[in-house]
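Since every read-out is calculated from the coordinates, none of them should be taken as a lab result. As the structure is a computational prediction, the values presented were derived from the model and not from experiment. Note: ideal-geometry Cβ built from the backbone for every residue, glycine included; neighbour counts use all protein chains shown.
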């Protein structure tokens, strides 16, 4: 931290505090945003591990036609838990963990606005997830109606088991946690910025989290209310989704997807932020088109509130052209972001450390996911692709090839800041290689399976035709991905053992979190550099040189 | 509908290849070399930024017009269909009730019968004529999907949805449920047999 002495640093008033404790009780009772952030990250990674193993079991079942590794009921529980865990317990909460750790550091604050509310949201998230998985221990097993839980399939006369109820309660708890933590993010960014940190100087990741949080405010109350309606239907004599009493299954489709499509952007906007942080650092250039990136984030967030019924093109009861048009429009701000990242690399000095490799992997995979997204926005194409493996391929290219690759980029990029040690670069590059190859081998063939007529959520398929070969290739790819993830775990353990310390700024990065020590002290900053642009740490480096 | 697929695939391939090139080119051209000085620190170019907003806007406008026309063709419902079939989807089978004609259908009997023709419910359609399908579900959501026709429609309890099928090829085609509906979802199959109009009339008479 010697770098703070020679620039005109703004001293932060010293805080009275006891020596930092590291015992278990201090972690259980913590309200420190960095620790809550790390708890969020590790918990979401644990859910990712479990959910990933579920997907390997599914791919094993599908490796051969008419396979008997799993039966239909086991398979239905697996795809329900896999989808629920990846969406509600991994991709979104990982972003919240990252935001918890990073937002106060990026804006020069000492903590989140509401530290105890912050702890509350973490514990709600942890136990909400456990409640969902608890269903597997009940007599009739876990919920088995898919992560979308369409009634009447999820109504009590069809899904009689307790697992469906635990699913409702668990996801409800997670949705409350999500709303609460988003309130915290927005308040912190609006109120707690350091002197000089105007809104137009906050890092793009923090901007993306503001847009994400506003989306959460609009979308998640709809989810919570819908889950309650289903619970009332199941146990209190309600008929919201029961056509025999004037209810409508289509009502669920509307309410669920009014949440569900903005949720897609809740799971991708934070990772657009991650990419926007990493690409400039490894190109040695400022982010290109800062204002355009921020405006594009809000354009995406706004438009995403008006596209939910593109999940309902095949119901025959929505205005398909309207929802097709708005869905097409989202491609424009998303394209703007792509061009901004390319322009950031343009005429740069690009190096290929592991975070940058994962960021490039993100660009390549998300390009495919984005293009198939535009195709699916066309109703006549959706008439074939809907509910088929084409859609499975599409959203895995967005959330697996996109978000997951950004998650690994973030892990490798901010790991030194969180734990004070760097992950091994050689192991990291192998991890990237295995994940990139494995991912594409798994999911590229699924486009073809879907167009050939393989529906999603089937536990087996018929021999004959190209489907068995394509499925075998996909299963093979999923094992390669597993090896990549395992290598990451090895890397984390090795780095913890060797403990090669890193300085405050191992990547020559730009934003404020790289000003303080790694890991940062409990109160975050001993001092702050002058904040005159969105790159205060770069400015300080130049001033020193 | 196939033409809409092909057009989108062509546009997708063009955009994909161009953007792929734009991603890969700087990675090669401006990879870091020993002794690199700090690169130019430019961060804006407003004409360029406006261009890459407006050009995609025009492109998606074009895609929308094309898709709107294609959908209008696909979703058009004739006032004078040659036949009207009420289709009921249930766990786990299909009933095809021809107006003024026979009611046929059944279940394809569980996972063991995957792909087995016996007992498979059969929807018979006249070649080159329009058949209106009035679709609904008896219990939970299902999906009526004929992959070779590039078409599906959801079957939902409590509401009926109507669409036209106008097959242009003789033969038998596989149909199946597309929306997860419970444990025998994957075996909820049916068969579509397209016959000449004369054979269709004869079939209706024989079964009524």
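Things worth noting here:
- Sorting A:236, B:7, A:481 from the fewest to the most surrounding beta carbons within 10 angstrom yields A:236, B:7, A:481.
- Order by protection proxy (mean Cβ within 10 Å, highest first), peptides A:402-413, A:48-59: A:402-413, A:48-59
- Once divided by 2.2 N^0.38 Å, the Cα radius of gyration of segment B:83-207 becomes 0.98.
- Prolate is the label for segment A:30-241, because a/c, from the alpha-carbon gyration tensor with a ≥ b ≥ c as root eigenvalues, is 1.5 or above and a/b exceeds b/c.
- Cα shape, segment A:482-545, gyration tensor, a/c 1.5 rule: prolate
- Sorted largest first, the spans of the alpha carbon positions of segment A:268-509 along the three principal axes are 59, 46, 28 Å.
- Ellipsoid equivalent to segment B:1-137 - semi-axes via the Cα gyration tensor, in Å: 55, 23, 12
- Exposure proxy order (Cβ contacts within 10 Å, fewest to most) of A:252, A:200: A:200, A:252
- Base-10 log of normalised Debye intensity for chain A (one unit scatterer per alpha-carbon) at q = 0.06, 0.07, 0.10, 0.11 Å⁻¹: -0.29, -0.39, -0.81, -0.99
- Note that segment A:247-309, at 25 °C in a medium of 0.890 mPa s, gets a Stokes-Einstein diffusion coefficient of 182 µm²/s from its Kirkwood radius over C-alpha pairs.
- Å³ per residue enclosed by the Cα convex hull of segment A:356-477: 106 Å³
- Ordering of A:143-149, A:428-434, B:22-28, A:23-29 by burial proxy (mean other Cβ atoms within 10 Å per residue, highest first): A:143-149, A:428-434, B:22-28, A:23-29
- 222 nm mean residue ellipticity, helices alone, for chain A (DSSP H n ≥ 4; -39,500 (n - 2.57); rounded to 500): -21500 deg cm²/dmol
- Averaged over peptide A:446-452, the number of partner chain Cβ atoms lying within 10 Å of each residue's Cβ comes to 1.
- What separates the Cα centres of segment A:114-170 and segment B:119-175 is a distance of 35 Å.
- Kirkwood hydrodynamic radius of segment B:2-75, from inverse mean 1/r over distinct Cα pairs, in Å: 15.8 Å
- Taken residue by residue and averaged, Cβ atoms of other chains lying within 10 Å of the Cβ of B:52-59 number 5.
- Residue order for A:279, B:58, A:441, fewest other beta carbons within 10 angstrom first, comes to B:58, A:441, A:279.
- Average other protein chain Cβ within 10 Å of Cβ, residues A:69-76: 2
- Nearest-0.05 FRET efficiency for residue B:160 and residue B:27, computed from C-beta distance (R0 56 Å): 0.55
- For residue A:489 and residue A:244, the FRET efficiency from 1/(1 + (r/R0)^6), where r spans their Cβ atoms and R0 equals 60 Å, is about 0.75.
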